[in-house]
1. Regarding the range 227-237, can at least one residue be identified that is more than 20 Å from L141 (Cβ to Cβ), touching a Pro at 6+ places or on another chain (Cβ under 8 Å), of a type in the set (A, V, I, L, M) and without any contact (Cβ under 8 Å) to a residue 60 or more places away in the chain?
2. What residue, of G81, G62, is free of Cβ contacts under 8 Å to residues at least 40 places away in the same chain and under 20 Å from S108 (Cα atoms)?
3. Just need a number here: residues in the range 169-218 that are buried (at least 18 other Cβ atoms within 10 Å of the Cβ), among the small types (G, A, S) and under 21 Å from V19 (Cα atoms).
4. Return yes when G173 is at pLDDT below 95 and in contact with a strand residue (DSSP E or B) (Cβ under 8 Å, 6 or more places away or on another chain) and no when it is not.
5. Based on this model, can you work out whether L149 counts as in contact (Cβ under 8 Å) with a residue 40 or more places away in the chain and of a type outside the set (S, T, N, Q)?
6. Pick from L141, L128: which is under 20 Å from G81 (Cβ atoms) and either not polar (S, T, N, Q) or not in a helix (DSSP H, G or I) (or both)?
7. Restricted to the range 121-155, and to residues that are out of contact with any helix residue (DSSP H, G or I) (no Cβ under 8 Å at 6 or more places or on another chain) and within 18 Å of I202 (Cβ to Cβ), which residue is surrounded by the most Cβ atoms within 10 Å (Cβ to Cβ)?
8. So which of E107, E43, E91, E47 is in a helix (DSSP H, G or I) and at pLDDT below 95?
Amino acid sequence: MQLRNRVGMPNSVAEQGTVTVGRHVFGTDFVIIAGPCAVESEEQLLESAHAVKHAGAQMLRGGAFKPRTTPHSFQGLGERGLDILKLARAETGLPIVTEVMDARQLESVLDCADILQVGSRNMQNFTLLKELGRVDRPVLLKRGMSATLDEWLGAAEYILAGGNRRVILCERGIRTFGTSTRNTLDLGIVPLAKERSSLPVIVDPSHATGRTDLVIPMSLAAVAAGADGLLVEVHPDPPHALCDRDQQITPQAFGELVRRVRDLVAFLGNGDATSEHAR
């Protein structure tokens, strides 16, 4: 039986630190991950990848497998999407963050991803979490739509208990009674999760708000709350995106976001977002 720390979580959760991915260290550097919600085509992803790298992103996100509310929505390109992500990494050098939805996809996604993302719908997919505990690859664990802090950290513990010590938490908003935004961004959870777990915590302002006009201000708020990085959706032509078009910002807007975030990170001194190590 594991000993419990003073706040009731297992010591394996409480005693984590940084997570290194290539030249980037979550928990030391301020890491910005950016790219489209979904891989739609080779042209779309490569344009996005070069644009976000030019603007200052350190990693590229893009979904090859997309869990959607209705089966009639775009579900992603699957294996073809993974091949396109690998091509983007080869061209830009950006590490890849992409979602794995099912343990049966794990082998294919491992061949592509530098970070395995667990989406909010799968935060308590315990079969998948146990499998991820056995792999030698960082895992970005999104908070479930209505998950408490204890439930979120409990999900992380499934991965840690399997032996995979590289877990990054991602706050992406929760479902509340509010209707003015897609979800409610819970910035209070950022310092609480860092205090309770010592795991790096990043914020996804795109899914949290569902509104392009709120992505930059909520990114700055996340920096002020002590987040270790951002996960931002960027698309070269948001109005024609195949999913989540209302929350994906343009490369130009992303460039402005990066500039303002870097200035605030430097002012607050809560991470390195400007050095060669973080670029």
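The values are calculated or read from the model by the stated rules, or taken from the named source; none is laboratory data. Predicted model, so just to flag it, every value in this text is computed and none were measured. Cβ placement follows ideal geometry from the backbone for every residue including glycine, while neighbour counts extend to all protein chains displayed.
1. Taking the range 227-237 and keeping what is more than 20 Å from L141 (Cβ to Cβ), we get 234-237.
Within this subset, residues satisfying the condition of being touching a Pro at 6+ places or on another chain (Cβ under 8 Å) are 234-236.
Next, from what is left, pick out any that are of a type in the set (A, V, I, L, M): 234.
Applying the additional criterion that residues be without any contact (Cβ under 8 Å) to a residue 60 or more places away in the chain yields none.
No: the range 227-237 contains no residue that is more than 20 Å from L141 (Cβ to Cβ), touching a Pro at 6+ places or on another chain (Cβ under 8 Å), of a type in the set (A, V, I, L, M) and without any contact (Cβ under 8 Å) to a residue 60 or more places away in the chain.
2. Working: G81 fails: free of Cβ contacts under 8 Å to residues at least 40 places away in the same chain.
So the residue among G81, G62 that is free of Cβ contacts under 8 Å to residues at least 40 places away in the same chain and under 20 Å from S108 (Cα atoms) is G62.
3. 2
4. Numbers: at pLDDT below 95: no; in contact with a strand residue (DSSP E or B) (Cβ under 8 Å, 6 or more places away or on another chain): yes.
When the stated conditions are applied, G173 does not pass them.
5. Values: in contact (Cβ under 8 Å) with a residue 40 or more places away in the chain: yes; of a type outside the set (S, T, N, Q): yes.
So L149 fits the description; yes.
6. On the way: L141 fails: under 20 Å from G81 (Cβ atoms).
On inspection, the qualifying residue turns out to be L128.
7. So in the range 121-155, the residues out of contact with any helix residue (DSSP H, G or I) (no Cβ under 8 Å at 6 or more places or on another chain) come out as 121, 125, 134, 136, 138, 140, 146, 148, 150-151, 154.
Going one step further and asking which of them are within 18 Å of I202 (Cβ to Cβ), we end up with 138, 140.
Numbers: P138: 23, L140: 29.
Top of the filtered list is L140.
8. Numbers: E43 fails: at pLDDT below 95; E91 fails: at pLDDT below 95; E47 fails: at pLDDT below 95.
The conditions single out E107.
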